[in-house]
Amino acid sequence: KTPNFPQKSPKNTHTNMVKDNTDVEMTSKIKKSADICQDTEDDRMLDIEDDEAGLRRLKPRGAGLSVCKLGNVFLFNWGKKVVFSVGPDWSYAIGIYVVSMAVMIPFICWLRYKDAPQYQIVAAFVLHVLHLLAYTLCISGNPGIPIKRIQQARLEQPSLEDLRKTGRTYCQHCLITTEKSDTFHCPDCDVCVENLDHHCPFMTKCVGGGNLCWFYSFLLLTLVCMFYISCISSLHVRKRH
């Protein structure tokens, strides 16, 4: 009789497969794309692309407009320039526009009904336009996301040992060294922002070095509009009595 030797079952087969898959995923993440928000000839043939850096790229065929996602922020680019951005709290912007128009438009109509001087109506309209313009520029601009630094860091993949020797802090999410003390990772936007002031949901995203001036302009114009409405309203009420 032929002896029946017990067949040895392969040990840790599932573990090895999982390990191999993990290694492949890590290798694909290490090989980062050199063009995060830059147009290439190959990109023009694609409508949707998931690059190896984990960025979602949406690009219309034959158009110069491209969209890339860093964290929870969508960046609309024309060529290499960011022309518009949408943060995770974009729904708050709708409320701000509605409240601003619901206050200023009835006030302007009320001035016309009261036969107010023309300069008062024009001043109210100009303040309203400037108020909305400052808010639009604040929510649409790049708050200070270091796109080039993230691109370069994901290509170079600096090691923790080298970073510890230089004494620099390291962001494990964006894979960049925060060389400046005011560069922080925002957990809401899930991306690093230079000159980060705070995350404001009413601005739909972070307030940083890229939109800080427009943020203060929006606050200042809000106070000016409130002061103007109060003064002009009280003036017409006194004339009535």
### Summary
Conditions (1) more than 21 Å from HIS131 (Cβ to Cβ); (2) assigned to a strand (DSSP E or B); (3) at pLDDT 85 or above; (4) not aromatic (Phe, Trp, Tyr) -> GLU49 fails only (3)
## Note on the structure
In the stretch 95-128, anything closer than 29 Å to MET203 by Cβ and not hydrophobic (A, V, I, L, M, F, W, C) is listed as GLY95, TYR97, SER100, PRO106, HIS128
### Positions within the stretch 84-95 being part of a helix (DSSP H, G or I) and either open to solvent by 40 Å² or more (accessible area, probe 1.4 Å) or touching a Gly at 6+ places or on another chain (Cβ under 8 Å) (or both), in sequence order
SER91, TYR92, ILE94
### Query
Counting only residues that are open to solvent by 30 Å² or more (accessible area, probe 1.4 Å), polar (S, T, N, Q) and assigned to a loop (DSSP other than H, G, I, E, B), how many does the stretch 189-238 have?
1
### Task
Output the residues belonging to the stretch 111-132 that are open to solvent by 70 Å² or more (accessible area, probe 1.4 Å), in contact (Cβ under 8 Å) with a residue 12 or more places away in the chain and either outside any helix (DSSP H, G or I) or farther than 27 Å from VAL73 by Cα (or both).
LYS114, PHE125
### Task
Select from the stretch 142-176 the residues that are open to solvent by less than 60 Å² (accessible area, probe 1.4 Å) and of a type in the set (A, V, I, L, M) and write down the one among them that is modelled with the lowest pLDDT.
LEU163
### Message
Could you check the stretch 68-83 and list, in sequence order, the residues that are assigned to a strand (DSSP E or B) and of a type in the set (S, T, N, Q)?
### Response
ASN77
### Message
I'd like the residue in the stretch 99-109 that is open to solvent by 40 Å² or more (accessible area, probe 1.4 Å) and under 17 Å from ALA134 (Cβ atoms) and, out of all such residues, is farthest from the chain's Cα centre (by Cα).
### Response
VAL103
### Summary
Flagged in the stretch 177-188 as among the acidic types (Asp, Glu) and open to solvent by 70 Å² or more (accessible area, probe 1.4 Å), in numbering order, are GLU179, ASP188
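The values are calculated or read from the model by the stated rules, or taken from the named source; none is laboratory data. A quick note: this is a predicted structure, and the numbers were derived from the prediction, not measured. Note that each Cβ is placed from the backbone with ideal geometry, even for glycine, and that neighbours are counted across all protein chains shown. For the accessible areas, the whole protein counts, side chains as well, though only heavy atoms, and no ligand, DNA or RNA atoms are used. Shrake-Rupley method; radii C 1.70, N 1.55, O 1.52, S 1.80 Å.
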